[in-house]
Amino acid sequence: LKNKKSSNNFVNLTSLIYGDKLTGSSVKKENKKQADDDSDEELFKVKKGGFGSLKLQKDLDNEDQANALDTSKFIHNIKETHDFNSQDIKEFLLSKFVDKNELE
Amino acid sequence: MLKYQGSTHFRQRVICSTLSGRPIRITNIRDQDEKPGLRDYEASFLRLIDKITNGTKIDINVTGTTLTFVPGIIIGGKNISHECGTTRGISYFVEALICLGPFAKVPLDVTLNGITNNDIDLTIDTIRTTTLPVIRKFGLEEGLNIKIIKRGAPPNGGGSVNFKCPIVPSLKAIQLVDEGKIRRIRGIAYATRVSPQFPNRVLDKAKGVLLEFTPDVYISSDHYRGNESGLSPGYGLTLVAETTTGCCLSAECMGGSGEKNETPEELGERAAISLMEEIYNGGCIDSHNQSLALLFMVLCPEDISKIRLGKITPYTIEYIRNLFDFFGVTFKIEPDQDSKTVVFTCLGIGFKNMARTTF
């Protein structure tokens, strides 16, 4: 998995999401998640930086937290928080809005 | 029969099982917990599924730690009423009905009683303002409606919602890759059994944050009193950012439950920042509705569907895995490094509403 990590922290999402399901072995992912093996440990390290929320898949091992995951709103609790006072982030956000002059 | 372990993603599995017609067995449901087995809201969810289907077999063992679910036919129907309880919000149940309703024998008309707005599930306002527009894109247009009869805040609820869903012979494939630019922001600041000043304070603060980005911000205040206000006090804010291509991104925050020591101004700011996070993450569909859009893409006719999503949530990831298990569909997943979004493409399975009486 480490080899698949690209320079800008994007990882091969297809293999991360589907795991070994696409390679013929249809071992249930659920069981795999509950087995706390080393390969999973690596999986979560790789995910840092790119799609940050993916690393929280590890938390599924904990039944209570996993149950909390059963709501789409969970994203609010695990989101990466950004400093919207930062000039870079503010400019990036402003670029996503229609220009004020166009609106007028 | 598909076999799973644990209580995770219970709803997803029951929904996929009902749509695909594949039975499931879930074992070890909280078997290590002090209170083992299914929770009250999960049992309530199964009762609701039983009400809208015909021929469903649900077997739960004595301790509630093992469930065998053999799906029947979705029949839908009018004048269905369901008590959702006070553990989870009404949206927990409505989200499932949205997935199943279009494929029923007759249109669905359900009245659900319980909590309309809480901080665990999506609020009914977000479902109405962002989820319904998403599914309209798949061809469900006329007759799809959510009406809030009474608002109900936690802990006692007392809210009531009417949900109507039309039936369709099949869905329509979509191509939703152009996010466009945010052209306006709309919102609702609501309050039940508290002073009308509360929603005004919330919306003033949120508006202050959002006006830095666009001048077109309009947030309405919705104050419920008397019989319409449910049994507990509460207030909150739902925000929706609409883009030039018709996409909607939403965020919401709820206060007044007593657990958080938060002023209305802080809540307003938190909601505005949550919306900024959604906009920052990008995509044509917000994080709350990713899984629903992916499910409907799978159920589309045998045609290519394509959508652009922002940061994918753990819930969505598990949904994608379940879609593979139940329907055998694999998505082509292409990260777009410039916009930090992900494009999902799949070939629909050509799912048809076989329960429908006339074609």
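A protection proxy built from the mean count of other Cβ atoms within 10 Å ranks the segments B:15-26, B:283-294, most packed first, as B:283-294, B:15-26. For chain B, the 222 nm mean residue ellipticity estimated from helices alone, with every DSSP H stretch of n ≥ 4 adding -39500 (n - 2.57) and the total spread over all residues, rounds to -8000 deg cm²/dmol. Taking amide hydrogens as placed 1.01 Å from N in the peptide plane, the amide H of B:Leu108 sits under 5 Å from those of B:Gly77, B:Cys165, each at least 5 positions away in sequence or on another chain. If R0 is taken as 25 Å, the Cβ-Cβ distance between A:Glu91 and B:Glu334 corresponds to a FRET efficiency of 0.45.
The magnitude of the dipole of segment B:142-181, with charges of +1 and -1 set on the Cβ of Lys/Arg and Asp/Glu and taken from the Cα centre, is near 260 debye.
Scanning residues 5 or more positions from B:Asp222 or on other chains, those with amide H under 5 Å from its amide H are B:Ala189, B:Tyr190, B:Ala191, with H placed 1.01 Å from N in the peptide plane.
In sequence order, segment B:70-84 has phi-based couplings of 10, x, x, 9, 7, 9, x, x, 9, 6, 8, 10, 9, 8, 8 Hz under the Karplus curve 6.51 cos²θ - 1.76 cosθ + 1.60, θ = phi - 60°, and Gly or Pro positions carry x.
Is the shape of chain B best called rounded, prolate or oblate, per the rule: a/c under 1.5 gives rounded, else a/b larger than b/c gives prolate, else oblate, with a ≥ b ≥ c the square roots of the Cα gyration tensor eigenvalues? Oblate, since a/c reaches 1.5 and b/c is not below a/b. Here the label points at B:Glu302 and B:Ala43, each 7 Å from Cα along the C-beta direction, are separated by 4.5 nm in the simple model.
Taken over segment B:153-207, the percentage of Cα pairs per 10 Å bin, counting from 0 up to the bin with the maximum distance, is 14, 24, 28, 26, 8. Measure out, as a whole number of angstrom, how far apart the alpha-carbon centroids of segment B:6-48 and segment B:116-152 sit. Distance between centres, Cα-based: 24 Å.
Taking θ as phi - 60° and the Karplus parameters 6.51, -1.76 and 1.60, the scalar couplings of segment B:211-225 work out to 5, 5, 9, 8, x, 8, 10, 9, 10, 9, 9, 10, 10, 9, 9 Hz in sequence order, x denoting glycine and proline. The packing ranking, built from the mean of other Cβ atoms within 10 Å per residue, places the peptides B:226-237, B:142-153, B:47-58 in the order B:226-237, B:142-153, B:47-58, highest first. Each Lys and Arg Cβ is given +1 and each Asp and Glu Cβ -1; about its Cα centre, chain B then shows a dipole of about 1000 debye. Projected onto their three principal axes, the Cα atoms of segment B:19-129 cover extents of 39, 33, 21 Å, largest first. Structure note, pairs B:Lys3/B:Lys35; B:Lys35/B:Lys150; A:Lys90/B:Lys207; A:Lys100/B:Lys340; A:Lys96/B:Lys172: Cα-Cα distances above 27 angstrom occur for B:Lys35/B:Lys150; A:Lys96/B:Lys172. About its Cα centre, the dipole of segment B:1-154 is roughly 300 debye, where the only charges are +1 on Lys and Arg Cβ and -1 on Asp and Glu Cβ. At the residue level, B:Lys78 shows approximately 150 square angstrom of accessible surface with a 1.4 angstrom probe and all protein chains present. For segment B:318-359, the residue among B:Val329, B:Ile349, B:Ser339 whose Cα projects farthest onto the positive side of the dipole built from Cβ charges is B:Ile349. Scalar couplings 3J(HN,Hα) for segment B:160-172, obtained by applying the Karplus form with A = 6.51, B = -1.76, C = 1.60 to θ = phi - 60°, are 8, 9, 9, 10, 10, 9, x, 10, 10, x, 7, 8, 10 Hz; x denotes Gly and Pro. Mean Kyte-Doolittle of at least -0.5 and a Cα length of 24 Å or more along the axis: which whole DSSP H helices of chain B meet both? Span-like helices here: B:264-281.
The values are calculated or read from the model by the stated rules, or taken from the named source; none is laboratory data. Quick caveat: nothing in here was measured; it's all calculated off a predicted structure. Note: ideal-geometry Cβ built from the backbone for every residue, glycine included; neighbour counts use all protein chains shown. For accessibility, only protein heavy atoms count, side chains too; no ligands or nucleic acids. Shrake-Rupley method; radii C 1.70, N 1.55, O 1.52, S 1.80 Å.
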